[in-house]
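Let me begin by presenting the structure, written as structure tokens, before commenting on it.
The values are calculated or read from the model by the stated rules, or taken from the named source; none is laboratory data. On a predicted model such as this, the values are computed, not experimentally measured, just so you know. Cβ atoms come from the backbone with ideal geometry, glycine included; neighbour counts cover every protein chain shown.
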Amino acid sequence: MATGASGGSVKIQVDDADVRKGLNASVEGSRVAMRQAFNDAGALLQNAMRSRLERDRKVDTGGLRDSIRAIVADRRGRQFLEVGPDEAHATQGAVIEMGRRAGAPMPPAGALLPWMERHGIAAELEFVVRRNISERGTQPFPFAAPALDENAAPLDALWAGVLDVIEHAWAKG
């Protein structure tokens, strides 16, 4: 890029070849940097979600906590990061994260029996427990959203690092 000022005007000139070289160098560097940032962000959020469940004693068998995974995917030139419970625990995770509204249908018959047994509640009381949950609902316990909020600064630093890689690659291009 060439710049100059004379006679009360400013002239900026950019050579397309320089732009192409800079773009090509920054694209390849950004792919690698973005993938690493997604991997690091995924690990950070996965640990934060699991820790929050542990810290606030929302772990019964550990199935939900242990099912939280960070998945980085690349489709059609776009990278994605998803952090959360696996498919088998998705409903459980949603109910814990958002709670269950009062007046919602009762949980399915049999769904609470393993939990009731672990907590010393007689199986004969299953209907009463299911009805109580339906009538009163359950309190939400957000674990995903706070993990994102509590880690805003480290996540911002990861994305800033990606931008640094792009700027550096552009300058070398």
key: Residue, farthest from Phe38 (Cα to Cα), within the range 55-65, restricted to residues that are surrounded by fewer than 14 Cβ atoms within 10 Å (Cβ to Cβ) and free of Cβ contacts under 8 Å to residues at least 40 places away in the same chain   = Arg57
ask   = If you take just the helices (runs of 4 or more DSSP H) that sit entirely in the range 88-173, which of them hold at least 1 residues that are over 24 Å from Leu64 (Cβ atoms) and at pLDDT 85 or above?
value = 126-136, 152-172
request  = Starting from residues that are in a strand (DSSP E or B), among the charged types (D, E, K, R) and under 14 Å from the mean Cα position of the chain (by Cα), keep the ones in the range 33-86 and report whichever is modelled with the lowest pLDDT.
outcome  = Glu82
key: Of all residues in the range 147-165 being out of contact with any helix residue (DSSP H, G or I) (no Cβ under 9 Å at 6 or more places or on another chain) and not hydrophobic (A, V, I, L, M, F, W, C), the one that is nearest to Ala48 (Cα to Cα)   = Asp149
query = All but one of (1) under 17 Å from Asp60 (Cβ atoms); (2) out of contact with any helix residue (DSSP H, G or I) (no Cβ under 6 Å at 6 or more places or on another chain); (3) outside the structural domain of Ala145 (by TED's automatic domain parsing) hold for Ala94; which doesn't?
reply = (3)
request  = Note down all Cβ pairs under 9 Å where the first residue falls in the range 99-114 and is farther than 11 Å from Ser134 by Cα, the second is surrounded by 15 or more Cβ atoms within 10 Å (Cβ to Cβ) and among the basic types (Lys, Arg), and they're at least six residues apart or on different chains.
outcome  = Ala109/Arg130; Ala111/Arg130; Leu112/Arg130
request  = Sort out which residues of the range 131-162 are free of Cβ contacts under 8 Å to residues at least 24 places away in the same chain and assigned by TED's automatic domain parsing to the domain that holds Ala94, and write them in order of number.
outcome  = Asp149, Ala152, Ala153, Asp156, Ala157, Ala160
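Identify, please: which residue in the range 109-146 is closer than 19 Å to Ser51 by Cα and of a type in the set (A, V, I, L, M, F, W, C) and is, among those, surrounded by the fewest Cβ atoms within 10 Å (Cβ to Cβ)? If you could, list the steps in order and put the result at the bottom.
Going through the range 109-146, the residues closer than 19 Å to Ser51 by Cα turn out to be 140-146.
Still in the list and also of a type in the set (A, V, I, L, M, F, W, C): 141, 143-145.
Numbers: Phe141: 15, Phe143: 25, Ala144: 20, Ala145: 12.
Across the range 109-146, the extreme among qualifying residues is Ala145.
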Which listed residue is farther than 30 Å from Met34 by Cα, in contact (Cβ under 8 Å) with a residue 12 or more places away in the chain and not polar (S, T, N, Q), from Val165, Val95, Val128 = Val95
